[in-house]
Structure formats: structure tokens, C-alpha cells
1. Quick one: order A:K80, A:K71 by neighbouring beta-carbon count within 10 Å, fewest to most.
2. Normalised by the residues of the range B:3-134, what does the relative contact order come to in percent, with Cα pairs under 8 Å and at least six apart?
3. Ranked by Cβ crowding within 10 angstrom, fewest neighbours first, how are A:H382, A:H680, A:H208 ordered?
4. If one takes the longest principal axis of the Cα atoms in chain A, at what angle in degrees, from 0 to 90 and to the nearest 10, does the Cα axis of helix A:581-591 lie?
5. Which entries of A:K5/A:K205; A:K269/A:K456; A:K27/A:K588; A:K71/A:K820; A:K5/B:K79 show an alpha-carbon separation above 32 angstrom in the structure shown?
6. Mind sorting A:M596, A:M650, A:M238 by how few other Cβ atoms lie within 10 Å of their own Cβ, fewest first?
7. Give the angle, between 0 and 90 degrees and rounded to the nearest 10, that separates the Cα long axis of helix A:778-793 from the longest principal axis of the Cα atoms of chain A.
8. Rounded to whole Å and sorted largest first, what semi-axes of the equivalent ellipsoid does the C-alpha gyration tensor of the range A:359-438 yield via the square root of 5 times each eigenvalue?
Amino acid sequence: MPDTKITYHPCQGWGCHDHCYVECHTKDGKLVRTQRAILPGESADKNFICMKGILSSRIPYAEDRILYPLKRIGERGEGKFEQISWDQALDEIATKLNEITKKYGSRSIITNQFWCGYPGDWGCLQNDLIFRFIFATDSSVIENPAVDTTLFGPSIDMGDLLTSERGPLRNANNMVIIWGGNPLGYTRPSTTTRELLDAQERGAKLVHVSNLFDVTSARCDQWVPVKSGTDAYFALAMAHVLIRDGLINTKYLLRETAAAYLVRDDNGKYMREADIIDGGRENAFVVMGESGDYAIVEQLTSDEASFTGVGVSTTEYLNDSGVRSSKDYGDVKPQIDFTGEVNGIACKTSYALLCEHVSTFTPEYQETVTGIPAQTCVDLAHAYVNATPATIFVYFGLRYLNSIPTSRSIFLLSYLTGNLGQANGGSVVNQGATYHSATIMNTSGVVFPPNYTPDKAHRIETIDLLDSFENPDVQQYKAWLNPMGNPLLNWPNKTLWRTIFDNLELFVEWEIRMTDTCRWADYVLPEVTTFERHEVLSGPADVIVWCEPAIEPVGEAKDATWIWHELTKRMGLPDAFDKTNEEYAQIKARSGNSCMTSPDGQPITFERLQEEKAIQLNLPAGRDWDPFADSIWPNATGRIEFYVENLAEMGQAMASPYPNIINDSPLRDQYPLHFYSGRHKYFMQGQFTNIAECRMLASTQFGVAINPAEAEKRDMVDGEIVEVFNQRGVMRVPLNLRNDIPVNMVHTWYSFDETYYPNTACPQELETPLNTRETLTPFNEAFRTKFVQDQEAQGIPQPMIGTGMQCGESFWDCLCDIRKVR
Amino acid sequence: MVKSILVDINRCTGCWTCSMACKTAHDLDTDEFWQYVRTIGGGERDEPGGEWPNLYMKWMPIWKLSCTKCGGDNTTDNKPYCVFNCPTGALTYGDLADEQSEISQRLNELKGRRYRVYEIPEWEDTRKSILYAEKGI
Ligand code: SF4
Ligand code: SF4
Ligand code: SF4
């Protein structure tokens, strides 16, 4: 009888954010197959997997698996290593860390905690252990790279980073506008894809607004090709049409937004009670009634409504006149479109300001910028209203410096039409892979070591790191520990990384396989895969899952807990990590989350979890939860503010087009083409690039693709080796001539690792670096400051505030030209 | 009795999950496929046909004669691995002779919605009992 076993694990490709679980079949100690895990109860139809989930079974046995500790013997980046023992590796690393600490202080040690692409993401044990390490050693953690910033529109308008999961898609029957990105079949290839296709089969029209024709465009009913980085113009022109053609939902605007609130002409601020009445309050605002009398509206707050997403039906808050019954407009029926004076102060409603603002964004004008025919703009605006309740799926994929203002422009459409937060299939899905707050696990038993005090550890910005290299008088940074992530492949750009590495005295990587980042490390430590360790995860598919090792660690691979323990022990902190990986997973599982019952009302104990492996959680807001169904918004007014007074000075009070590199940089004259580097469907970021089947399928798309018209101008033919270049580098790769690529674009896939580019630059070498002064715009800087203040106000320890993403995202914001090989 | 597979082309995203599920379940070599995915478009894999901006693309999973017409196992609800793992719901499996079977019901539903239903000729080295349904693409 063969010894067979079935276990559940997160797929190795969680960087896609569809966050699937695979069922792992082990025979005689060897992992033989991974397949779709059938989760219990209603979660069964929330877990599908893509081909990477299937090929996860190959991950532990990949040819480039790191089997024992490695020490660099060549230059950094050369990838030359010798095998050493664990003891030697740990002794040498700890000695060096102690030396560095003595000389430069413990804060000179930086750990990279950016989880993306690590199985389990921010919910995994490794993430918790990293915090435990930095708190135990009072060291530093680097901020996150600026990615996925299209999510952040609500942070501005609503005062909180609200992101929705798939909930509203499950009820979408009329229309889903997929704006940016390529979720169907590519970047959200499993359950999200299925739910979008289900909506389509129920009769919902799927519309894709994007700059490239891809799987999503192919599967949608309508494709709206937009010139890269100009999406805000299209959205604002749709808003123009909604207002011009009388299609706005006044009731929603009054109820949920600050549309009727008066804004002073002289200073651009919302008018306060204190502005017009002696002794008036600063947190009470002024509206003008239909009768011509003003009224005071207090800041809305609610003890019942949770800002973190417990759904409350907005209708509960309505009185007969269609406005909120709690702290509403009193007897006054507010004028939404008022311009005039109150007590001698000239003012107008924020809605009147919005009307003025969008008046210039005519459908005809947007056509000159976006390339989308004016009639398409008019038709889509009307179709969107007629399809109410309709959903906008605004995906991460607007990776330009202007992504946050663009996100606000798109959200604006949902306010004007009242589609946001409709319980019945209308909303905005800005899928952040954030799950209901009740599913978030209590990690304090793992995260905080015995010696924790709130002054321990610090999150640093990349800019400060770079500045420190120039200035010996400030905190120096000398060691970089990289327990997750492959920044050299996944984050642009290599010049930035070279600058960082050249200034480091120690760079340690722990990984499952040889990556681009490993090749730059001084030491590479072999880590176990998701199939060789304990884990507990909660959230995705509304389940809590207990993962047990399917197989013994391959080679000398160790789990992160063991590595942290052995390291801190040698650093003089023997008690910092006093449990095993399994024990920490148990502590976390026992601490649970705030909805530890199954739908039948039975409590979820650790023992039960250990027995059943996966248990459906009884979510307080139901499985189709939508955070935008909340009705109190945590900002100054308590309503959605499409007019944000603090951004008035920089011309961004309302969603407006904001400059990006590809359309507005003076370098356009020199480098006229958009260097558009997408992620490859057969890989998941830097994962699976070592799996033979994935490499085989991806290989036909290696190189760069351009429209034949661009090739003709440059006398190029299909298949020739060409040079793609900009101020940062030259990449020599084969040329594909493709009729589906728009003119002005050079398209490439950037997931291929650097071994694909011998003696030439990789795509990320040409890309605009993230989190540097080059991409930190005044708008993003203001936003980052506010974001940090908001998080601090919520009591989040500084090292745990997810800063960095608020810098301008620039993955796709990059210029180049292409020429024949010189 | 050989059971059939119904492919809803309108739901297929060309993701190759079916193909890889077959390969790992049957331990096939890297370059051995009992089932693969064809792109209908510009010629290459995942390349749209037409000229920008009038473009089209769809996918067609193909079961080769080498497909053993397996029925998965009890962990896949006795559905073939390719069908069980398809994330989009493009594949339905079962006995067409049984009117109550999932596949018969799905076929009737799609026919009722005026999907075109066809098979591909055997000279393409393809196994029998695969039905394709599509509409308007
Ligand atoms: S790579 Fe595929 S299987 Fe893995 S998490 Fe993403 S969608 Fe799921
Ligand atoms: S039916 Fe079985 S053998 Fe045939 S392709 Fe599907 S998984 Fe492979
Ligand atoms: S049939 Fe399903 S699994 Fe196969 S390519 Fe199509 S969508 Fe993917």
C-alpha cells in the first residue's frame, strides 16, 4: 500500500491576488499532484485554480531549487557561490550583523517585508515573523514598493483605503466595466475570471477599457481601446455627459456625498459653522436649503457603522425626503447646485464646482487625448446609467504616476450615478485582495517578542536609504535581509539596486530557488516551500485553513522560524524566537479572528481546525460583502468628498488628469515610444519561471512586439534582433511584428528572469525606478503624508504602516525608442 | 460507454489549466500533451487576429487521440482531471445518453440559447466525444 496523504496549501502564485488553495496529493513522501481544493460549504465555489496552481506540484523539485546554504565567491550579481554548512552560514551572518550593529546601530539592518508573491501574502506566518525580528532587534524595515496604486482613490475621497473583494460581482447582472488591467484569464485567472464570466452568462455586458487587446478584451462584449495613461480624460468626459444629460442620481449624491456642502470661493475650504456664526463649530458644515435659508450639518459619525467594512444598508439611513435620518439635513432640503453668498461669504456647493470642473471635458475633447471616439464616450455613459445597478471593476492596471487621480475619476462615475455600494450588483470592485476585517487573524502572539516596546524598529523610505549613502551624518544602512520577494526581477530598476548593493556590507537572501535577487546576495539560505511547512491562513474564499507539511523539506531547506531563531540566538537574543514554526502557527490559529464560528454556529477551535483542515467562516456581513455599502465615511464630513479641500492648492481638489511620464515628460522628444512591460500569463511575477511547461508556453512571446507601421519607419523586419533603449539602458531582443499592438508602443513581458537576457539589459533595467525622487510627485507626497497620519491615528505601530505604495507607481510609465542593432 | 466533454468556447480563456492538469495527473513528459489549447486569432499562441483596433481572439482546447478518456478519481468527483480543474466552467462532462446528466442539461441550455454546437473532424488527430458550443464570437 503506498503511503498517500492529502493536504491543503496556498498556491505558490499568490502574487496574482486570486489567492487560491491547492489540494496536494503526496505518495510515498513525494508530492505527486496539486489540484483544485474543494473547500467546505459555500466556499466550494470560491476556489478555482489556474495552470500555475496545477504546476505548483513541481515547485519543490525544480532544478534550480536551493538545497543547501550558499556563500558568494564571485562578484555580486555574478551568481557564483560555494556550498557551506548551516552553522558556518549562520555564524558568519550573525557575526557580521553584530559588527554592523556595533558600528552603525541596530537600525542599520534592513529587512524587506514586501510579501507580494509569497504564498499567503500579508496573512502568512513569514510576514509575522519578520515583524517579530525587527521588533526583537530594534532594526529597520524597508517601505513597500509603489505598486497597485490604482486602489487608492477611496483613500482620498472617503478617507480610508477601502478595497472590495469580489462580492458585488456575484450579483452583477447588467454591466461590468473592467477598467485597466487584464483580470480575465491573466492576472486574476481563476475565481475572479469565473465570476466575471458567470455575470456575463447571466446577461451582464462586459466592457473592457484598456490600452492593449488581451484575454480580457477578447472575452468582453465591448473593448474600448484607450491610449496609455489617458484614462482619466475618458472618465471625466463620461462624468461630463452624465451631468450634461441630466443622468445624475441626486438622491444618492445628497445622501452619501458632500455634494450639497458649500465651499468658500476665497479659500477653497468647506464652509464651517465657525465661519458664519460666532462660537460655531469647526466640524459642522453649511448647506443651503431650497427655501433660501442655510442649515448646519454636523460631521457624520456612527458608532454602529464600521469603517472597515461591515455592510450596512444605506436605505436604513433615509427619511421620507430621501436624506439620511441620523444627523441629516434637518428640515432643510439642501440645494445641490447653489452659487451665492452666506453671511456675505461667496460660496458654491461642491457639486457646482464639479459641474464647472468637468464642463471642459467634453466627449470631443477627450477624443483628442484618449483616441476614443466621442460617440463611444456618450454611449458608454448612457449605457452605464441605463444598466444601474452596474459595476465598475477598476483593476490595479493603471500603473502610471497619475493612477490615484485616475482612480478618483473612475470612482466619480459611481457617485454620480449612485452605483457605488448598491447591494444588488452595482458597485466598484477595486479588488485589493482584502478580505472582511473580521477574517483578519490576531497575530500579536507571533508579531510581538517578549522585549517589545512601541519605540522598537522603524520603517524607512527608499529615499532616506539612498540619501544615507551620501551623508555619513545620518543613520547608515549596511545590511539587507531578504526573507521574501524577488525585488530584482519584480521591482524596477537594476541601477537603483546596484546603488543599494554597492553600499551594503551584507546582503542575505532566503529563498526556495535561485532568483535574480539571489545572484546578488552574499549568502543564500535554502528555505522550505509552502508544501514543507505549517501555515494558517484566513480570509480568501471565506475560509480558515490549517496547512500541514505535505512532504519533508527537500535538501537542507529550513523553515523561516528556524532560520530567525538560529540567527537571533547567535546575535545574543536566545529567547526572541522560542517556538517552532508549527507552534507559532498554532498560536496564531488559537488566537483566531473575530468570526471564529462556522455557518452552523459551531465555534472553530484549533482542534477542530486541525481535524477538518479548512472551515468556512461565518462572515458577519455575508459572503457578498461590499465595503462600499457602508454609509458613514471616515473623513471630515462623514460623507464621500469628491471635492477634497486640502488638495485645492495643488489643483487636485477634484479628480483631475495628472501628469505622467509617457505623455508629459520632455523626454518624449528623445524617446517617443511607450515602453509597456506587462506580466506574463504563464508566469506569476517571478514565480514559475523555472517550470519547464511555463517556459515552453511563454517562449513564443519572448522579445518585444511593435506595430508593423513602427517597424517600417525604422526599416525593421519580423524576427530580427533589435535594440530597445532609453536613458537607462539598451535591451537587445528579438522583434515580433504584431497587428494588435497600437502604434507608439513597445510591448514586452518582463517576468523572464535575467538568464534570458545574456549580455544585454533586462526590461526592468529600462523601467522607471519606484519610490525615488524621480517618481515622488507633490500630489503623491501630500497623499503619503496624509496616509501615514491616518494610520498613526488608528494606533498602528509605525513599522507596520504600509507606506511606500503611495509614491507614484511607474511600472508602465516609461519611454523608449527602438533601433536596429548597432 | 465513453462519456463526453462539452466545451463552452464563450467561457474558455485559453489558460491551459486543463492541459496541465492532464499532464501532472498522468505524469507526462514536458513536451508530451494529451490535450492542448489552440488560439484562434493571429497564428501564434495568444496572438489576436485582425488589425488594431478591430481584433479578435478565442481558444479551442483540443483532446488528442492519446487522451485515455480517463474519469479522474474520487478526489475529482470522478471527472477527468482536465474538466475538474478548468477554472472558468468552460467544460462539462458526462453521459449524453442520460438526459438528466449535467452535460445533457448544459447542452440543452446552450442550444436553447442558440449556441452553435459542433464537433471537429477526426482527421485532426482528435478523440471523439468532444462537443464544442459557441455563440456570437
Ligand atoms: S497563480 Fe493561479 S492558482 Fe495560483 S493563486 Fe493565482 S490564480 Fe490561483
Ligand atoms: S480526459 Fe483524462 S486523459 Fe483525457 S485529457 Fe482529460 S485528463 Fe487527460
Ligand atoms: S477549457 Fe478551461 S482550463 Fe482549458 S483552456 Fe479553456 S478555460 Fe482553461
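A short reminder: the numbers here are calculations on the coordinates, not readings from a lab. Quick caveat, the model's predicted, so the values are computed rather than measured. Positions of Cβ are generated from backbone atoms using ideal geometry, with glycine treated the same way; all protein chains shown enter the neighbour counts.
1. Numbers: A:K80 11, A:K71 16.
Neighbour counts put them in this order, fewest first: A:K80, A:K71.
2. 34 percent
3. On the way: A:H382 15, A:H680 22, A:H208 29.
Taking fewest neighbouring Cβ atoms as first place, the list is A:H382, A:H680, A:H208.
4. 30 degrees
5. Violating the 32 Å limit, Cα to Cα: A:K5/A:K205; A:K269/A:K456; A:K71/A:K820.
6. Working: A:M596 25, A:M650 14, A:M238 28.
Least to most surrounded, the residues fall as A:M650, A:M596, A:M238.
7. 80 degrees
8. Details: eigenvalues 121, 63, 18 Å².
Rounded to whole Å, the semi-axes are 25, 18, 10.
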